[in-house]
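The values are calculated or read from the model by the stated rules, or taken from the named source; none is laboratory data. Since the structure is predicted, the reported quantities are computational estimates derived from the model, not experimental observations. Virtual Cβ from ideal backbone geometry, glycine too; neighbours counted across all protein chains shown.
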Amino acid sequence: MTKLLLPPALLVLVILVFITISRQSNLNYPASLLLPTPQPAQNFGEIIDQKLSPENKKNQIQFSLPKEATKHSDINVPILTYHYVGGNPNPNDKARNSLSVDPFQFEQELTWLVQNGYQSVTLKDLYNNLTLVKPLPSKPIILSFDDGYIDFYYNAYPILRKYNFEAVSFIPTGLVGKPAYMTWSMIEEISKLGGVEFESHGVNHRGLTSLSDRELLEELEGSRKVLESHTGKQVDFIAYPYGSFDLRVTGVAQKVGYKAAASTIFGDSQSKDWLFALRRIKVPGMSTLPVFASRLRQAS
Ligand SMILES: [Zn+2]
């Protein structure tokens, strides 16, 4: 009889554990957050490297690792790169797995940063430090969010405000309002509330090195103008979609008025000589606090 009673008891336990886990991973997400990762537009941060043409890859690699850039550093300021802050509704969507940080994990990461003495600063603060030698706190850190996903509005922003962290959100302006992306009214609302710099991520999230001069100008200048018209604030910075850039791209970016640009080159050393190749640290998706902490250690 005892033998017969145990399996149902175990079953109940398993069901309870399952309910707890699934409640944690789904929170109360609006339906819009449960959409699969958009496939046609290439919005996948570093994974994208694999999708670049060989020619593009060559350009990127040639320009990404100049010896001068690796040697010279004026200051160590980690710039973290996040994409989704939300659970992955489709475990088969591997691309999204690597880019999704669960909100619980995200909050843990912010708590860890506070406990370890980090103080959030803005890209503008870093730029002013590099160019005007304006002082920064002893352990500055910048939180950046690529692609303007809608979970930034629902999940990341409230947690950022709770811990009083500043952030920079890089927006591909042509994707605003599409499924899984923030709308202009969300961006305008956050911009008014404060705590977030909205900066450019191009218009259509295209690899910039493969574009014609005209297309490149439209991606760099068009995105800037549209963002400024919606937020009423000056747009000074850009993150290269797919981390793809070369000397032509940095030249046009400077010409249309950008002051600096964020790359996907790994590290936390920043230099006034390489304002258009600021380094960043991609926060791995579906990860743990020890991995997060070790990524920060590896970068310096
Ligand atoms: Zn992107």
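Here are a few things to note about the model shown:
- Candidate set: region 70-126, residues that are among the aliphatic types (A, V, I, L, M) and in a strand (DSSP E or B); chosen: the one farthest from the ligand (Cβ to nearest atom): Ile75
- Count of region 158-199 residues which are more than 18 Å from Ile79 (Cβ to Cβ) and assigned to a helix (DSSP H, G or I): 17
- Single unsatisfied condition, Met186 versus (1) more than 26 Å from Phe292 (Cα to Cα); (2) touching a Leu at 6+ places or on another chain (Cβ under 9 Å); (3) not hydroxyl-bearing (Ser, Thr, Tyr): (2)
- Within region 157-178, tally of residues that are within 15 Å of the ligand (Cβ to nearest atom) and in contact with a strand residue (DSSP E or B) (Cβ under 9 Å, 6 or more places away or on another chain): 7
- Within region 129-143, the presence of a residue that is within 16 Å of the ligand (Cβ to nearest atom), under 19 Å from Ser223 (Cα atoms) and part of a strand (DSSP E or B) is excluded.
- If only residues of region 220-247 that are of a type outside the set (Gly, Ala, Ser) and modelled with pLDDT under 95 are counted, the one that is nearest to the ligand (Cβ to nearest atom) is Tyr242.
- With respect to the stated conditions, Asp213 fails to be surrounded by 15 or more Cβ atoms within 10 Å (Cβ to Cβ) and either small (Gly, Ala, Ser) or over 25 Å from Asp151 (Cβ atoms) (or both).
- Considering residues of region 198-219 that are of a type outside the set (Ser, Thr, Tyr) and more than 15 Å from the ligand (Cβ to nearest atom) only, the residue nearest to Val176 (Cα to Cα): Glu218
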